[in-house]
1. Please work out the C-alpha center-to-center distance from segment 114-154 to segment 256-307 and express it in whole Å.
2. When the chain is treated as a GNM, springs tying every alpha-carbon pair under 10 Å, which of Trp99, Trp183, Trp352 comes out with the largest mean-square fluctuation?
3. Ranked from highest to lowest mean number of other Cβ atoms within 10 Å per residue, what is the order of the peptides 90-97, 218-225?
4. For Glu98 and Asp292, what is the calculated FRET efficiency with R₀ set at 41 Å and r taken between the beta-carbons, to the nearest 0.05?
5. On a straight-distance basis, which aspartates and glutamates could pair with Lys113 in a cross-link, Cα separation under 14 angstrom, same-chain partners fewer than 8 positions away excluded?
6. Just add up the charged neighbours of Thr311: K/R +1, D/E -1, any other residue whose Cβ is under 14 Å from the Cβ of Thr311.
7. What length, rounded to one decimal in nm, is gained on full extension from Thr109 through to Tyr212, with 0.36 nm per residue of separation minus their alpha-carbon distance?
8. Cross-link partners among aspartates and glutamates for Lys152, C-alpha distance below 19 Å, same-chain residues fewer than 8 apart left out?
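Read the figures in this text as sums done on the coordinates, not as results from a lab. Just so you know, these numbers come straight off a predicted model, no measurement behind them. Please note: Cβ atoms are built from the backbone with ideal geometry, for glycine as well, and neighbour counts cover all protein chains shown.
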Amino acid sequence: MIDFAMTEEQELLLESADQFMDACGFDESYFKKCYEECRVPEEYLKALKESPFGALGLPEEFGGVPVDQVTMVLVKERFFSRNFPFDTPTLQIGDTLEWGNEEQLAKVTEALKSKCVAFSLGITEPQAGSDDSGILSTATRRDGKVYLNGHKCFITYADYAPYMMFVTRDLDNPKPHAAMTMWFVDMTKPGITLEPMHKIGNKMQGAMYEVYFEDVEVEESDVFGRENNGFMQLVKNFELERISIACQSLGQAEFAYNSVLPYAVQREQFGQPIANFQLVQDMIVKMRVAIDNMRYQVLHAAWMKDQGLSTQIESGLAKLYCAQQAFEVCDMAMQIMGGIGYTTESPISRVWADSRMNRIGGGTDQICIHSSAKAIVKAERKKLGLGR
């Protein structure tokens, strides 16, 4: 039986998180302005970085405070449940420690002193979204140099992060997933062009871009990890990334629920609070059930990760379920609030738009279903002695 009762240390950490959010000086009006301007909330992130929470989950050698995954998701849930952005560069540092060389690690570490992310991910292309085997970006060797060419799209932080992890494919290799390479690219290099794309949510991550590489010159030493191993490096990230997205979705749903419940209790129509009407009660109960189920999914996946177990199935299921349910919860919250919930003045409208992206990023609903189902069937065949 798994016990998810919080330890005294975890309770104190969440109390400290509340105290930080109460005292940091950044409120709804500040985040609303950043959202409207489609800009990263630098001032808040600087304060977060200088707090104990900015280094949560990082290795000690980077001034971090190592914590288990359950604790990490509890803290992240608390921040998002109050509609405060929260992230630490644990994945970026972890990836660079595992795959990067000393020079790349130094660059990432230096960039993170002033930025919330050091590098963007240049993966998706117009013809290669969920099907990354369709990547057409190339790396061509010529006169001792390497030249990168390709067209990436939907790239977050492309104009903000000083570096990009640019993924290419050897088009002559008949096995696409064994032909991908990551390149660590300085975004100030000649030959890189950015074109903004206008998105409907997640605007505190800044604009989203199409990125064009035309004979961008790099060195052999700019390979990130091993050549032709880029796909496996991406796959290794999926489990933690999907747990993180599931946790963010949970926090967004909690924020929507906690915002709309007092509204329903106080808002009167036809001479009584709308919370008295059965159809509104139906939505309130569905929201609460969804949130309770989402929390279990997130904690269970995080607990398995802490035990050193594979969460290929659990992280995919958690991400799938939580992303879907969070959007449904936010949608019901908007329905209960009616017209005011649909205005840009309402934070519900922003969290509604933000939550929708989690059903696309980190693996679409359909990809999560496909990969989880394959893993479930494979495990069952193995248990039955049927081989692969």
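1. 41
2. Of Trp99, Trp183, Trp352, the most mobile in the Gaussian network model is Trp99.
3. Ranked by mean Cβ neighbours within 10 Å, highest first: 90-97, 218-225.
4. Efficiency computed from Cβ-Cβ geometry: 0.70.
5. Result set, ordered by chain and number: Glu42, Glu43, Glu50.
6. -1
7. Taking Thr109 through Tyr212 to full extension adds about 34.5 nm, to one decimal.
8. Glu125, Asp131, Asp132, Asp170, Asp186, Glu195, Glu210, Glu214, Asp215, Glu217, Asp222
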